[in-house]
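The values are calculated or read from the model by the stated rules, or taken from the named source; none is laboratory data. All of these numbers come straight from a predicted model, not from anything done at the bench. FYI the Cβ positions are ideal-geometry reconstructions off the backbone, even for glycines, and counts take in every protein chain you see.
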């Protein structure tokens, strides 16, 4: 389970990888002007994930003759670009590859891949694209390929609202309900799940969502 302390959305722009985030947290981070320091733990984690992604694509291309392209760039819909992990133009399939211990599609996986499907449909004017999440197990178990269909109209609108909140075009709403939750049980991912249901971390933006009140007795 990735946490806020291990991953944060990119600054200054929206990217589909942040769609599972608390809108308030993502909005703060996108508009934060402070330089981010990438610690060695996250640096190694990112590098390992990218290496696993590249190794899987190379393996299926060589051993199964899958025509998966890497490095495809899509308009993200808000003046930037986004990059699916893999695209097969023949079968019209977009692949999102995760180096993880999860054994099922997480809500934030679905959100990210659904956005890629929406953008690809917009660019190609074809709506028969499908998605697959590839779960590469960190302990070497057989990878899983799980289907993610083109999102329906209701889910597309839900994702669009999330983006507008993260960008500040709609009022961002926080997921935590109290300062205690934000500082001891904040759950960064799983937009559709209650905060604190599985992970205990401290959101670095908790003090902005829940500023301490001055008591007036200084």
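In table form, for the structure just shown:
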{"read-out": "Filter result for the condition that a residue is closer than 29 Å to residue 158 by Cα, touching a strand residue (DSSP E or B) at 6+ places or on another chain (Cβ under 7 Å), crowded, with 21+ Cβ neighbours inside 10 Å and at pLDDT 75 or above, over 23, 16", "value": "16"}
{"read-out": "Test: residue in segment 27-41 that is at positive phi and part of a loop (DSSP other than H, G, I, E, B)", "value": "no"}
{"read-out": "Residue 169 being assigned to a loop (DSSP other than H, G, I, E, B) and over 19 Å from the mean Cα position of the chain (by Cα)", "value": "yes"}
{"read-out": "Counted residues, segment 105-145 - those being in contact with a strand residue (DSSP E or B) (Cβ under 7 Å, 6 or more places away or on another chain), assigned to a loop (DSSP other than H, G, I, E, B) and over 20 Å from residue 50 (Cα atoms)", "value": "1"}
{"read-out": "Of residues in segment 73-82 being in contact with a strand residue (DSSP E or B) (Cβ under 8 Å, 6 or more places away or on another chain) and surrounded by fewer than 16 Cβ atoms within 10 Å (Cβ to Cβ), the one modelled with the lowest pLDDT", "value": "81"}
{"read-out": "Test: residue in segment 147-165 that is exposed (fewer than 15 other Cβ atoms within 10 Å of the Cβ) and assigned to a strand (DSSP E or B)", "value": "yes"}
{"read-out": "Within segment 39-72, tally of residues that are under 18 Å from the mean Cα position of the chain (by Cα) and either surrounded by fewer than 13 Cβ atoms within 10 Å (Cβ to Cβ) or free of Cβ contacts under 8 Å to residues at least 24 places away in the same chain (or both)", "value": "7"}
{"read-out": "Any hit, segment 185-194, residues being modelled with pLDDT under 85, buried (at least 19 other Cβ atoms within 10 Å of the Cβ) and over 22 Å from residue 15 (Cα atoms)", "value": "yes"}
